[in-house]
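A short write-up of the structure that comes next.
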Amino acid sequence: MCGIVGYVGPQPALEVVVNGLARLEYRGYDSAGVAVLGGGSLRTEKRAGKLANLRKALEERPISGDGAGIGHTRWATHGAPNDVNAHPHVDNDRRVAIVHNGIIENFAALRMELEEKGCKFLSETDTEVAAHLLSSEMAERGGDLPAAMRAVCKRLEGAFTLVATSVDDPGLVVAARRNSPLVVGRGEGENFLASDVAAFIAHTREAVELGQDQVVELRADSVAVTDYDGNPVEVNEYHVDWDASAAEKGGYDYFMLKEIVEQPRAVADTLLGRVTVDGQLTLDEMRLSPEDLRSVEKIVIIACGTSYHAGLIAKYAIEHWCRIPCEVEVASEFRYRDPILDQQTLVIAISQSGESMDTLMAVRYAREQRARVLAICNVNGSTIPRESDGVLYTHAGPEVGVAATKTFLTQLAACYLIGLYLAQVRGLKFGDEINTVIAQLATMPEQVERVLGTVEPVRELARSLADTDTVLFLGRHVGYPVAMEGALKLKELAYMHAEAFAAGELKHGPIALIEDGLPVVVVVPSPRGRSVLHDKIVSNIQEVRARGARTIVIAEEGDESVRPYSDVLIEIPAVPTLLQPIVSTIPMQVFACELALAKGNDVDQPRNLAKSVTVE
Ligand code: F6R
């Protein structure tokens, strides 16, 4: 949440910063602002609304700088999303400018203290206290911005990334982090700071990870990192394995449309290199030994939103293949219920961004209880995998659209790999059984491609439903979390009432919602796998249809038994029951995306949302 950019170097800082913000806008789009240093003064501009408003203001009233620049795109927490509350915030003498991601929890006490000393506050934000504090700490330290930043951080409670620049040292940007993301980009004679590498990938692919409670001093030709006491710390450098084109729309009107189409590649890349020549599954990067995994007695999956739905599906596969009890819990609830964890518990934390604060806090709690934590994550070097005992990276590439699509499918692939690997190391299945499922998994990119080739009727259907108020989703077994994912996509993109139910639960109350013409999407399990399940859901379809529902049925090709009860039949390829979510989710994604577009919504930046949710 909130995107932050910092730059020091010979290029026009304003341009570098604004272009960086454009690549981070998915992190928040309530307002945007920049500060550059020029002619011995701070030049700032900030505007409520999307980055386009800031760009327009800068065209009308250009500002320029000659060295350092910082920028921010906001997801509002404290104070309405207006021009005044937009970042950067400056001190009363306009000597420092600061941008912030996170929440300063003790801001009220600090504000009172600063007001008593005569500071004049202009905004309602928590961030502004950091600007005034920084200025006063600088005054006490002869204008030493890094030392002042370290002193400020020690006084702040909560989660924050802060990036600041000052007229006293125009070739310097200083940043600090605690529980909020920040990464350095190393260039030739120039350096960058950002919430994620997308902001500087057009300039450099060399990045530096920053740990918790660290301060970085960025100059054109140097990067120095210390802890809050000023002690130098070792940093981890890495090469980003994707380039700028991966974070561009590539001819599509929206990132989401491109990311849906990228799914076969994303799934294939996630499966790539996981099987040795002798057919053994190998998850080397995971950092958990076979002995560790053999001692696991219980699995708890924690995640939020779409990642949570991936976890719900994983439970079916893991329990079926490994016979290990598996619980799945929304991360924001997990640590408040006093969960029972010990060294024999494996906690799997699923997070695309690796930065969701709810999941991060749950990971920390689990580790405090001595459980081992394995992360499934899409962003290299992000906080959750860094703080976990092991990690399995999905290789979906950058996902810019706020709604998760390709990363969901790759999370499923990663969950299946973990389930099969656990079965392998625990000797629970014969090698050839595991190989059969691996071979089936390997065909999934092709199956995904096939589904994508048949979704035009889904688009037409979505457009025809643009004026509908409510859509219900039903599923059984792994189809239930798929139905939940379909409903979530529709809520977040089309802003309409969408709700998912376990199909068998309908008769216990929700069936009262069914009225004439109400669209009900039903995910039907394969008739080949578990025929009992299939037959039960066919009855459920008839029950809602008898009450006037318009049934939109997603079923395996060749499943003729559902045709008589389907007002619209969407066919998907026949795949094994447990793997069906990889194909059945796609029509849901396309449906929600197209319906939202028909309503005129921005599917990349749905209202009120942000991609990486770094507050609790
Ligand atoms: C929905 C969506 C969110 C995220 C959730 C968790 O399309 O994208 O529900 O899935 O905020 O985010 P990560 O996976 O980054 O922890």
Residue in the stretch 171-179 that is farther than 16 Å from A35 by Cα, modelled with pLDDT of 95 or more and not charged (D, E, K, R) present: yes
Residues located in the stretch 151-173, provided they are farther than 14 Å from H132 by Cα, open to solvent by less than 10 Å² (accessible area, probe 1.4 Å), of a type outside the set (A, V, I, L, M) and touching a helix residue (DSSP H, G or I) at 6+ places or on another chain (Cβ under 9 Å): F160
Pick from the stretch 592-616, criterion in a helix (DSSP H, G or I) and open to solvent by 10 Å² or more (accessible area, probe 1.4 Å), ranking: farthest from the ligand (Cβ to nearest atom): A598
Tally of residues being of a type in the set (A, V, I, L, M) and over 18 Å from C2 (Cβ atoms) across the stretch 109-133: 6
Selection status of I586, under 30 Å from the mean Cα position of the chain (by Cα) and more than 16 Å from the ligand (Cβ to nearest atom): no
Flag for H72 being modelled with pLDDT of 95 or more and either more than 22 Å from V183 (Cα to Cα) or under 22 Å from the mean Cα position of the chain (by Cα) (or both): yes
Residue ranges of helices (runs of 4 or more DSSP H) in the stretch 291-403 with at least 1 members free of Cβ contacts under 8 Å to residues at least 40 places away in the same chain and within 15 Å of the ligand (Cβ to nearest atom): 331-334, 357-368, 383-387
Subset of the stretch 270-282 [surrounded by 20 or more Cβ atoms within 10 Å (Cβ to Cβ) and under 18 Å from R426 (Cβ atoms)]: R274, L281
Which numbered condition L110 misses (of (1) open to solvent by less than 60 Å² (accessible area, probe 1.4 Å); (2) part of a loop (DSSP other than H, G, I, E, B)): (2)
Among the residues listed as L122, L134, the single one being open to solvent by less than 50 Å² (accessible area, probe 1.4 Å) and closer than 23 Å to T77 by Cβ: L134
Top-ranked residue of the stretch 544-567 - restricted to ones that are in a helix (DSSP H, G or I) and open to solvent by 60 Å² or more (accessible area, probe 1.4 Å), ranked as nearest to T468 (Cα to Cα): R545
Where a residue in the stretch 61-80 is aromatic (F, W, Y) and its partner, wherever it lies, is outside any loop (DSSP other than H, G, I, E, B), with Cβ under 8 Å and at least six apart: W75/R27
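Residue-by-condition table, conditions (1) in contact with a helix residue (DSSP H, G or I) (Cβ under 7 Å, 6 or more places away or on another chain); (2) closer than 24 Å to G453 by Cβ:
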| site | (1), (2) |
| --- | --- |
| H477 | yes, no |
| P481 | yes, no |
| E485 | yes, yes |
| A498 | yes, no |
| K536 | yes, no |
| S539 | no, no |
| I554 | yes, yes |
| I570 | yes, yes |
Members of the stretch 228-253 that are open to solvent by 60 Å² or more (accessible area, probe 1.4 Å), touching a residue at least 24 places away in the same chain (Cβ under 8 Å) and in a loop (DSSP other than H, G, I, E, B): D229, D241, D243
Selected residue (only one of A317, A303 is at pLDDT 95 or above, small (G, A, S) and touching a strand residue (DSSP E or B) at 6+ places or on another chain (Cβ under 8 Å)): A303
Listing of helices (runs of 4 or more DSSP H) fully contained in the stretch 408-526 that carry 2 or more residues being open to solvent by less than 50 Å² (accessible area, probe 1.4 Å), in contact (Cβ under 8 Å) with a residue 40 or more places away in the chain and β-branched (V, I, T): 431-442, 444-452
Residue satisfying condition, being modelled with pLDDT under 95 and more than 18 Å from the chain's Cα centre (by Cα), within set G6, G39, G28: G39
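Rundown of residues vs (1) of a type outside the set (V, I, T); (2) closer than 16 Å to L172 by Cβ; (3) part of a strand (DSSP E or B); (4) touching a helix residue (DSSP H, G or I) at 6+ places or on another chain (Cβ under 7 Å), yes/no style:
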{"residue": "M1", "(1), (2), (3), (4)": "yes, no, no, yes"}
{"residue": "N19", "(1), (2), (3), (4)": "yes, no, no, no"}
{"residue": "A22", "(1), (2), (3), (4)": "yes, no, no, yes"}
{"residue": "Y26", "(1), (2), (3), (4)": "yes, no, no, no"}
{"residue": "A35", "(1), (2), (3), (4)": "yes, yes, yes, no"}
{"residue": "A57", "(1), (2), (3), (4)": "yes, no, no, no"}
{"residue": "S64", "(1), (2), (3), (4)": "yes, no, no, yes"}
{"residue": "G69", "(1), (2), (3), (4)": "yes, yes, yes, yes"}
{"residue": "H72", "(1), (2), (3), (4)": "yes, no, yes, no"}
Every pair of residues 6+ apart whose Cβ atoms lie under 6 Å, when the first sits in the stretch 590-616 and is under 19 Å from T407 (Cα atoms) and touching a residue at least 40 places away in the same chain (Cβ under 8 Å) while the second is of a type in the set (S, T, Y) and within 11 Å of the ligand (Cβ to nearest atom): K611/Y26; S612/S353; V613/S356
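The values are calculated or read from the model by the stated rules, or taken from the named source; none is laboratory data. The structure displayed is predicted, hence computed values, not measured ones. For neighbour counting, all protein chains shown are included, and Cβ atoms are generated from backbone atoms with ideal geometry for every residue, glycine included. To get the accessible areas, we keep the full protein, side chains included, count just its heavy atoms, and leave off ligands, DNA and RNA. Shrake-Rupley method; radii C 1.70, N 1.55, O 1.52, S 1.80 Å.
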